[in-house]
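Take a look at the structure set out below.
The values are calculated or read from the model by the stated rules, or taken from the named source; none is laboratory data. Nothing here was measured: the structure is a model prediction, and the numbers come from that model. Positions of Cβ are generated from backbone atoms using ideal geometry, with glycine treated the same way; all protein chains shown enter the neighbour counts. Heads up: the accessible areas ignore ligands, DNA and RNA and are worked out on the full protein's heavy atoms, side chains in. Shrake-Rupley method; radii C 1.70, N 1.55, O 1.52, S 1.80 Å.
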Amino acid sequence: MTQLHAPKASRNQEGGRLSFMRPVSAQAAGHLRAGGSSRRVIRTMIGSAAAACTFSNVSALNVSQKTSSQRTASRPPGSRLSVSKRPASLALSVAVASAAVLPALAAGPAVALPRDDKPTASATPAAPGKARNDPPPADMSKVGGDLLGQPDTQVRLGAGAPVLPKDVTGRSWIVADAESGQVLASHNAHWRLPPASTLKMLFADTVLPKFPRDQQHMVTADDLAGMGPGSSLVGVKANLSYSVHDLWLGVFLRSGNDAVHVLSSMNGGVAKTVQDMQAQADELQALDTRVVSPDGYDMPGQVSSAYDLTLFARSGLQNKDFREYCATATAKFPGPEGKDKKRDTVEIQNTNRLLTGDFGLSPYKGIAGVKNGNTTNAGSTFTGVAERDGKVLLVTVMNPASGESQAVYKEAARLLDWGFAANGKVTPVGELVPPKSATTGTGSGSAQGSAKNRTGQAAAAKGQSGGIGVALGVAGGALALVVGAIFLLNRRWPIRKR
């Protein structure tokens, strides 16, 4: 088993998803190693069931304290900004939502939007050396809210809210509250674009729970077949054994397509893994996503969106092993065999520059993952999660047009700065929807309601006490509707432990 310079999280796989994501306070920074890169050990809170469901954050070293309020007041060119007052009281919102939800429950389940598998023009590779100038589609998916389906920037600034940073050039981006799911601001959120290796978040969310981390696998040449030319590699070799833990380090830290293909082979092959990933995307209501390769390698028709990538990150972060791997800065990885048949280890470092602080960037304050990517067709893509003062934000940036070095990370940092500064001062423009299974009666509230309903129906069928049995059946059915409505209105996925 390799040594991690990362969270000391449990080494046990989680059998199911957690129902909430609870942030933790900032930890003390680790020590520096030669060369100036940070080698951090992130502590995980222990001692309670709630604490075991948290993800740790990484403290920053020499982080600039510049915030959005210090930035220029101009907004991105072509942005659509709407300023509104803060939402009305929760009581009024619940009352209105109750009036809308109860009839819907009586009518039947919601119908998901159909998938359009025809890729957009942006899914076609651009000519070498030429930027893609195609505009976003005029009509995009409205999953999560009507405004998210509109092109250009969507934000509703309240009193005292900072303006969005002007130096954000991503073709598509989103800033969201990781816990409540509220989308604070977006730009072409549902534009279907090539995802690059950020698609590995969906791969991990799909495959990671299937194998224990200490399971050993002897790699064959067939396991490594089919990788695209120029693939990023961690150095997995045929005829050598690796633990599942080693392979996931290769996926998250080095974005190793070789590790992805080995894990896909263990999962029944690339074709089955692609099918499983597509099914998981559908479960998460990530309807912009079409999976063709499990590693995110450029393939015709393979697309996702900033909205969907944020859904993948939010779902994956429910798993403590996912949180540990995506927050790992450096680790030891098994090397090839020497002449004496012994295997040394090599140090690998995460390619997430906001986590490691390399290439002229400082580690972002509160960063805890998630995944970066870069291909010829997709350009640079990045999804990150960070926590400050009890607030956890997710940000995704796809394909910045800026020519500045490490633009995708700098733009993600600017959006995170804005999100933390705008906390409580903006009206959400949409939401990150929960998985289908969280809204189709699989929760405890619905289960209790169904049980009461079945009890009432059974009593009526047997004719116990005549009219009393029928009354109980009717009352049980009504109670099921009420309980289900209350459950749906109050549930937020994931929700904070109270």
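Taking all protein chains in place and a 1.4 Å probe, what share, in percent, of the accessible surface of region 359-444 do carbon and sulfur account for?
Values: 1210 of 2660 Å².
Carbon and sulfur atoms account for 45 percent of the accessible area of region 359-444.
Non-local amide H neighbours of Arg213 (under 5 Å, H modeled in plane, Pro and chain starts lacking H): which ones?
Gln13
Pull up all non-local amide H partners of Gly170: gap of 5 or more, or a different chain, and H-to-H distance under 5 Å with H placed in the peptide plane.
So Gly170 has HN proximity to Ala401.
Given R₀ = 45 Å, FRET efficiency for Ala138-Ala271 by Cβ-Cβ distance, to 0.05?
Numbers: r = 35 Å, r/R0 = 0.78.
Once the sixth-power term is evaluated, E becomes 0.80.
Asp344 to Ser180: extension gain in nm, 0.36 nm per residue of separation minus the Cα-Cα distance? Numbers along the way, then the final one.
Values: separation 164, 0.36 × 164 = 59.04 nm, distance 4.51 nm.
Computed gain between Asp344 and Ser180 is 54.5 nm.
Sorted from largest down, what three extents in whole angstroms do the Cα atoms of region 201-288 have along their principal axes?
39, 30, 23
So, with +1 on the Cβ of K and R and -1 on the Cβ of D and E, and no other charges, what is the size of the charge dipole of region 276-362 about its Cα centre, to the nearest 20 debye? Intermediate values should be presented prior to the final figure.
Working: 10 positive and 14 negative charges, 79 e Å.
Using only the charged Cβ atoms, the result is roughly 380 debye.
Return an integer: the convex hull volume of the alpha-carbon atoms of region 289-416, in Å³ per residue.
Values: hull volume 19.5 nm³, N = 128.
Expressed per residue, the convex hull around the Cα atoms of region 289-416 is 152 Å³.
Evaluate the Kirkwood expression for the hydrodynamic radius of region 290-343, namely the inverse of the mean inverse distance over all pairs of different C-alpha atoms, and round to one decimal in Å.
Working: mean 1/r = 0.0688 Å⁻¹.
Mean inverse Cα-Cα distance, inverted, gives 14.5 Å.
So how much slack lies between Ala238 and Thr220, counting 0.36 nm per residue of separation and subtracting their Cα-Cα distance, in nm?
Values: separation 18, 0.36 × 18 = 6.48 nm, distance 0.48 nm.
Answer, rounded to one decimal: 6.0 nm.
Can you list the residues, at least 5 places off or on another chain, whose amide H is less than 5 Å from the amide H of Ser305, using H built in the peptide plane?
It is Leu193, by chain and number.
A 27 angstrom limit on the alpha carbon distance is what I want to check against. Which of Lys200/Lys320; Lys341/Lys371; Lys410/Lys436; Lys142/Lys320; Lys365/Lys436 exceed it? Kindly include the intermediate steps, with their values, before the conclusion.
Working: Lys200/Lys320 17 Å; Lys341/Lys371 34 Å; Lys410/Lys436 34 Å; Lys142/Lys320 31 Å; Lys365/Lys436 33 Å.
The answer is Lys341/Lys371; Lys410/Lys436; Lys142/Lys320; Lys365/Lys436.
Just to check I understand the Karplus step: with θ = phi - 60° and J = 6.51 cos²θ - 1.76 cosθ + 1.60, what whole-Hz values come out for region 167-182, glycine and proline as x?
Calculated HN-Hα couplings, in order: 8, 10, 10, x, 5, 8, 7, 7, 10, 9, 6, 5, 8, 7, x, 5 Hz.
Spelling out what I want: for every residue of region 343-353, take phi, set θ = phi - 60°, compute 6.51 cos²θ - 1.76 cosθ + 1.60 (Karplus), and round to whole Hz; glycine and proline get x.
Working through the residues one at a time gives 10, 7, 10, 10, 8, 10, 10, 4, 7, 6, 6 Hz.
With Cβ to Cβ distances under 13 Å as the rule, what net charge do the other residues near Gly226 carry (K, R +1; D, E -1)? Spell out each step's value before the answer.
Numbers: positive: none; negative: Asp222, Asp223, Asp258, Asp295.
It works out to a net charge of -4.
In nm, to one decimal, how far is the Ala279 label point from the Lys166 one, both placed 7 Å along Cα→Cβ?
5.1 nm
Can you give the FRET efficiency to the nearest 0.05 for Lys210 and Ala401, using r as the Cβ-Cβ distance and R₀ = 51 Å?
Details: r = 39 Å, r/R0 = 0.76.
So, using R0 = 51 Å, E works out to roughly 0.85.
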